[in-house]
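These notes are about the structure you will find just below.
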Amino acid sequence: MKKNYKKEIESRKTFAIISHPDAGKTTITEKFLLFGGAIQMAGAVKAKRSSQHARSDWMAIEKERGISVSTSVMKFFYNNAEITLLDTPGHEDFSEDTYRVLTAVDSALMVIDSAKGVETQTRKLFEICRLRDIPIITFINKLDREGLPALELLEIIEKDLALECCPFTWPIGMGKLFKGVYHLKKNQLHLFSSTHHGKIKEGVIINGLDDPLLDQNLDKQADELREDIELINEASHPFNLDHFERGLQTPVFFGSAINNFGVKELLDSFLDLAPTPQPRDCKERKVDPYEKNFSGFTFKIQANMDPAHRDRIAFLRVCSGKYTRGMKLSHMRSNKKIATRNAITFLAQERAVTEEAFAGDIIGIPNHGTIKIGDTFTEGEKLNFLGIPNFAPENFWRVKLLEPMKSKSLQVGLKQLAEEGTLQLFQRLNTSDYIIGVVGTLQFEVVVARLRAEYKIEGRAEPTTFNAARWIKADDPKKMEQFKSKNTHNLALDAENHLTYLAKSDWDINRTQKDWPDIRFLKYVEHS
Ligand code: G4P
């Protein structure tokens with residue numbers, strides 16, 4: 001390994017922000033980009049999003065709804081670090097893509113609204129992080145508003161997520177009484193000034209709890225702070241790097257993103273703490289990021305960015321070695337070499353042709369449908385990366401054809417969309433019925449819009465009675481046969497012929513699971 005490879009890899013941090021909608025993810029992203037010099041003014045991220053919608057019409061639905069269906073990747077630079085931030089879309093545009101993004105990162109930043117605590121979407125995304133032991137750093141936001149007491153927030157995280165909390169900063173008051181954050185590791189207090197308004201400005205800094213400036217500035221709150229710090233130092237978990245790296249402990253920071261307060265402390269500590277590109281498991285062996293030969297896997301396909309060309313972009317996470325422009329990569333699934341002259345790097349401000357990329361980087365490879373989610377690329381070695389699962393859908397519809405003669409085209413269209421990862425397709429055992437499963441309901445609109453635009457099929461998405469699914473497995477084939485004969489009505493095969501149990505609710509699944517202890521009900525399965 002050449003010395004500069006090492007330096008390149010060690011300067012890279014690839015992470016995603018996990019949060020419930022409205023917790024402040026966009027606001028924090030924007031502040032990070034401001035610190036990195038990638039944008040010059042607050043408001044640019046949202047403005048950029050909307051101008052992109054106006055410019056590109058690759059998916060009419062994005063334009064109509066003014067939301068981002070696709071996962072975006074943003075690379076920026078800060079203090080000699082090359083940071084890649086992967087977006088995890090929220091609300092109804094929540095999809096499998098959102099989950100799969102987490103297979104391509106080395107750490108996550110969890111943003112929590114101080115008034116709300118741990119909310120549903122955060123919990124779902126956290127579950128995926130836990131599955132992969134992803135280290136998580138927590139930012140508790142909106143301290144400038146009345147919220148839950150800081151200690152209670154830590155208790156909620158510890159209890160709800162079974163995640164040890166190690167506060168790195170501590171808030172003084174909240175809402176109107178919010179005075180700043182005390183950095184427990186540096187023994188420094190940053191006084192809050194709500195006039196920051198997105199500008200980068202150092203506030204007053206007080207060194208240590210004995211500094212006379214503390215009483216002068218905080219009055220009664222100074223003694224409260226001393227008591228809090230004493231309590232926190234005694235009661236909270238000391239920082240444990242091993243626990244953090246295994247996703248069992250989270251360093252916690254407090255602040256107010258909109259006021260750009262506590263965000264720099266967060267970003268600086270994040271860069272110290274967040275792991276550099278990590279080794280990844282393949283079916284054959286573990287791949288180390290410092291290996292000389294290139295390897296990587298795709299975790300997302302974005303289709304039809306340019307409708308005139310029917311092109312697709314495969315998002316590839318580089319896992320080892322170096323990519324250089326024009327390099328021929330071995331595509332494991334097709335056993336063919338693919339030339340990559342036009343791979344794209346997603347900088348925060350623009351897209352650029354990738355000249356070179358190292359472990360931790362995300363590059364986009366244009367293709368015409370040859371690349372699928374979970375595909376491995378190498379310089380020739382036979383490898384297959386693991387850990388890019390299918391996630392059990394939570395919404396199930398069927399497509400009602402408005403022109404019955406087109407059922408063959410519908411099948412083709414649905415199968416292709418399933419291959420791309422836009423939807424999951426289930427064929428029930430006792431009927432010829434196809435059921436579409438997705439994680440977020442907005443995907444149904446995407447499916448109907450794409451069937452119309454790309455396959456000339458007019459259809460309508462109709463709800464089914466199913467609301468939950470699990471892939472099922474059993475060690476004893478006899479037990480499986482018994483289960484199948486008693487539950488045919490609820491069984492279906494997915495696009496890769498995995499047997500799936502469809503149910504009205506999670507409650508039904510739990511009950512069936514109790515009745516059939518020899519059957520395993522899985523929320524995730526690996527792509528074959
Ligand atoms: P999201 O991406 O997680 O969905 O959240 P986003 O950053 O868009 O923030 C959601 C709302 O919360 C925004 O208000 C934003 O201004 C506000 N917000 C973010 N951080 C803070 C904070 O530290 N304190 C307070 N008080 N509010 C915060 P909005 O009214 O929905 O949007 P906008 O009109 O500000 O754009």
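Quick notes on this one:
- Residues whose amide H falls under 5 Å from that of I258, counting only those 5 or more places apart or on a different chain, are K142, with hydrogens built in the peptide plane.
- Per-residue extension of 0.36 nm, minus the Cα-Cα distance of K504 and N293, leaves a gain of 71.2 nm for this segment.
- Global geometry of the range 335-414, whether rounded, prolate or oblate, following the gyration tensor of its Cα atoms and the 1.5 cut on a/c: prolate
- The Rg/Rh ratio for the chain, using Cα coordinates for both the radius of gyration and the Kirkwood hydrodynamic radius, is 0.99.
- Taken along the Cα-to-beta-carbon direction at a fixed 7 Å, the label points for R145 and R452 span 3.6 nm.
- Derived scalar couplings between HN and Hα for the range 232-237 equal 4, 4, 7, 8, 8, 5 Hz in order, rounded to whole Hz, by the Karplus curve 6.51 cos²θ - 1.76 cosθ + 1.60 (θ = phi - 60°), x for Gly and Pro.
- Cα gyration tensor of the range 237-301 - equivalent ellipsoid semi-axes, whole Å, descending: 31, 17, 11
- Relative to the Cα centre, the charge distribution of the range 280-378, modelled as +1 at Lys and Arg Cβ and -1 at Asp and Glu Cβ, gives a dipole magnitude of about 380 debye.
- Annotation: aspartates and glutamates with alpha-carbon distance below 18 angstrom to K504 (same-chain offsets under eight excluded): E394, D433, E462, D494, D515.
- Under the shape rule built on the C-alpha gyration tensor, where the axes satisfy a ≥ b ≥ c, the range 389-526 is prolate, since a/c reaches at least 1.5 and a/b is greater than b/c.
- Dipole magnitude of the chain about its Cα centre (Cβ charges: Lys, Arg +1; Asp, Glu -1), debye to nearest 20: 2360 debye
- Within the accessible area of the chain, the carbon and sulfur atoms contribute 50%, probe 1.4 Å, all protein chains present.
- Applying D = kT/(6 pi eta Rh) to the range 280-378, where Rh is the Kirkwood radius over alpha-carbon pairs, T corresponds to 25 °C and eta to 0.890 mPa s, the Stokes-Einstein value obtained is 180 µm²/s.
- Each label point was placed 7 Å from the Cα along the Cα-to-Cβ direction; for E526 and M405 their separation is 4.7 nm.
- Along the range 446-454 the Karplus relation, 6.51 cos²θ - 1.76 cosθ + 1.60 evaluated at θ = phi - 60°, assigns HN-Hα couplings of 4, 4, 4, 5, 6, 4, 5, 6, 9 Hz to successive residues, with x for each Gly and Pro.
- Charge-dipole axis of the range 70-142 as Lys and Arg at +1 and Asp and Glu at -1 on Cβ define it, positive-most pick from S107, T84, I140: I140
- Residue-normalised accessible area of the chain, expressed per residue, 1.4 Å probe, Å²: 45 Å²
- The peptide list 324-336, 489-501, 131-143, 438-450, put in order of mean Cβ contacts within 10 Å with the highest first, becomes 131-143, 438-450, 489-501, 324-336.
- Estimated at 0.36 nm per residue, the fully extended path between Q513 and L386 surpasses their Cα-Cα distance by 43.0 nm.
- Unit charges at the beta carbon, dipole of the chain: most positive-side option, A469, L231, H20: A469
- Between 0 and 90 degrees, the angle of helix 506-515 with respect to the longest Cα principal axis of the chain falls at about 70 degrees.
- The convex hull drawn around the Cα atoms of the range 446-489, when projected onto a plane and averaged over every direction, covers 5.1 nm².
- For trypsin sites (Lys or Arg not before Pro), the sites in the range 229-312 that DSSP calls loop and that have at most 10 other Cβ atoms within 10 Å are R285.
- The figure for T120 is an accessible area of roughly 80 square angstrom, using a 1.4 Å probe on the protein chains alone.
- Label-reachable residues, the range 276-303, where backbone N falls under 14 Å from a point 7 Å from K336's Cα toward its Cβ: none
- A DSSP coil position with no more than 14 other Cβ atoms inside 10 Å describes the following trypsin sites (Lys or Arg not before Pro) in the range 338-376: R341.
- Burial order of peptide ranges 468-481, 266-279 (average beta-carbon count within 10 Å, highest first): 266-279, 468-481
The values are calculated or read from the model by the stated rules, or taken from the named source; none is laboratory data. Just so it is clear, the model here is predicted, and its values are computed rather than measured. All Cβ positions, glycine included, derive from the backbone under ideal geometry; neighbour counts span all protein chains shown. Accessible surface is based on the protein model in full, side chains and every heavy atom, while ligands, DNA and RNA are left aside. Shrake-Rupley method; radii C 1.70, N 1.55, O 1.52, S 1.80 Å.
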